[in-house]
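Readers should treat all values here as calculations from the given coordinates under stated rules, not as data from a laboratory. Because the structure is predicted, anything quoted here is derived from the model rather than measured. Cβ atoms come from the backbone with ideal geometry, glycine included; neighbour counts cover every protein chain shown.
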Amino acid sequence: MGWVSAKRLSLAACTALALTSCAAAHYQASEPRPIVFAGGEQLRGVRLNNNVRVFRGIPYAAPPLGPLRWAPPRPHDPRPGIQNATDFGPACPQDQGNTDWYRTVATAMGSSGDVVPELTNISEDCLVLNVWAPSPDHERPRSGWPVMVWIHGGSNVNGFSHEPNYLGHMLAERGVVAVSVNYRLGLLGFFAHPSLGEDASGRQGLDDQIAALRWVRANAAAFGGDPRNVTVFGESAGGTNIQALMHMQEARGLFRRAIIQSGYLGSDGLATQAAAAAVATQLMGAPTSAQALREMTWAELVRLRARELPGHFFAPVVDPSQNFHVPLMIGSNRDEGRMYLASDVASDFREALSIVPLDRREAVGAYLSDLTPDQKTRADYLQSGPGFLCPTVQLADIAIRNGNASFVYLFTRVRPGAHNLGAYHGAEIPYVFNTADTWLPGDARDRTLTLRMIRYWVNFAAVGDPNGAGLPHWPSAETGQAMELGRRTGPLGRDTFALCALLQGR
């Protein structure tokens, strides 16, 4: 796999859509304020006008401050009295990578970049989650509503749980308890400098996600959820983290199903402890003491990462065992790489083709030439195929071999307009959450696709099968088919993966 190219295109953005508050504008608070007992404390939330309750900024672990900066997450000490869970907590330390990326997308869509504000509420005290739940009078299964836990993307250096397109009110309206989670990022969440001793795990962010899932298991019932029916879902880096969680013994039993959106790396993309330590040592220098590291401000650590490791993806540190046992829904977008192509498309195409084994280059080049006369599209496919489409199929096959149900999709919807982004990386997110920003163009076809996709995702979370009454049938990956979501909604044949077969020499 061409990891230089894949990192540049998939992990410089690696997140979902957007930073404006437009998507949430229609859902204002209405009294009375609901109160639940969860995590050992009384939490006062907000009832939204769509009869959904939301509880924001709930601590699921102790603040990772001072000596706890790189330590595994510690339990949160319950606070006495009624606690307001009415405001989102701060984002974990990061730069303005999300802001810059979404301003690029907004501008391409014909809007001003000013519609995307800078991220300002940032703190190391950030280990919080948010819960959206149907109101108690909503019809509920005997065992409780299914639970969906969102792991955000952002190359594991950017992103936060309350990005406007991650708000779970529309999922909750469909009868699920939706949860979104913050976790430590960059040099605070995936750092393995040897001077930290036992804290040099390089998987602090993954440990945070496990702590959040434990919190969900312990407290889902307080919100009407079924703690035995939890689905994790995430996009890009969030998807790669889910892949890692699927392999981790510590995460066993914490979720029942997994949905990975544009985020499977392949076993060779996961990081080893030695590799993570080597990156940290090269960055900081071997003689650096733990005390010196702890005395750095989070802003200094963020600037250091941006300066010395621009575009670096902090891959999860985990044993790449493939012995996992959860049903899987997984997919990618047709044009993942298009927006990351350089202005010199011919050079990009030659670079991508040079990574293909020599004995397969002629066949791959001929296939792409027959597929389309447009050189940019050929370069896009050669980036997106090895980086997303082909690994997606590989993990689906592994799931099937392990005896798990598996469903694969290819998202192809191109929003109206002359933006030339295609079905870009992260474009599916507003459809899954039904939270499209006002600056994203759309028409009746987008509304129809949104309603279908949110039902597919909720159905899979509820029973492990996306299919349901009134929906186009989604065949299992065992049939060799994937589901197209976009230009049409229906099965795709094996020829969809012809490029993958050529790349693998089959």
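Applying 0.36 nm per residue to the separation of D87 and E250 and subtracting their alpha-carbon distance, the gain on full extension is 55.6 nm. With the biggest extent put first, the Cα atoms of region 112-181 measure 44, 29, 19 Å across the principal axes.
Take every Cα-Cα pair in region 73-205 and report what % of them are more than 19 Å apart. It works out to 62 percent of all Cα pairs. Stretched out straight at 0.36 nm per residue, the stretch from T107 to A498 would grow longer than its current Cα-Cα span by 137.3 nm.
Give me the tail of P(r) for the chain as a percent: Cα-Cα pairs with distance above 32 Å. Could you put the intermediate results ahead of the total?
Numbers: 48660 of 127765 pairs.
Tail of the P(r) past 32 Å holds 38 percent of the pairs.
At a temperature of 25 °C and a viscosity of 0.890 mPa s, determine how fast region 88-137 diffuses translationally according to Stokes-Einstein, using the Kirkwood radius over alpha-carbon pairs as Rh; express D in µm²/s, rounded to the nearest whole number. Write down the numbers at each step before the final one.
Numbers: Rh = 13.1 Å.
Rounded to a whole number, D works out at 187 µm²/s.
Using the Cβ-Cβ distance between A418 and V463 with R0 set to 30 Å, the FRET efficiency works out to roughly 0.15. For R488 paired with R294, estimate the spin-label separation in nm (one decimal), with each label point 7 Å from Cα along the Cα-to-Cβ line. For R488 paired with R294, the spin-label model returns 6.2 nm.
If you wrap the Cα atoms of region 379-424 in a convex hull and average its projected area over all directions, you get 3.7 nm². Spacing of the modelled spin labels on S347 and R140, each 7 Å from Cα toward Cβ, amounts to 5.9 nm.
For R303 and N402, a Förster radius of 35 Å and the Cβ-Cβ distance give a FRET efficiency of 0.25, rounded to the nearest 0.05.
If you look at the Cα atoms of region 376-503, you get an Rg and a Dmax of 15.1, 44 Å.
What ranking do 481-490, 455-464, 397-406 get when scored by the average of other Cβ atoms within 10 Å per residue, highest first?
Values: 481-490: 19.5, 455-464: 21.8, 397-406: 16.0.
By packing density, highest mean first, the sequence is 455-464, 481-490, 397-406.
Each Cα pair under 8 Å and six or more residues apart adds its separation to the average, and for the chain the resulting relative contact order is 17 percent.
Exposure proxy for M248, M453, M329: other Cβ atoms within 10 Å of each Cβ, ordered fewest to most, give M248, M453, M329. Here is how the number arises for the chain: DSSP H runs of 4 or more residues each give -39500 (n - 2.57), the sum is divided by the residue count, and the result at 222 nm is -9500 deg cm²/dmol. Here, region 436-500 has an Rg and a Dmax of 13.5, 39 Å when only alpha carbons are counted. Net length available on complete extension from L68 to A444 is 130.3 nm, with 0.36 nm assigned per residue and the Cα-Cα distance removed. Take the Cα radius of gyration of region 179-290 and divide it by 2.2 N^0.38 Å, N being the number of residues; the result is 1.18.
The local environment of R305, defined by Cβ-Cβ distances under 14 Å, has a net charge of 0 under the rule Lys, Arg +1 and Asp, Glu -1.
Rg of the Cα atoms in region 245-341, relative to 2.2 N^0.38 Å, amounts to 1.39.
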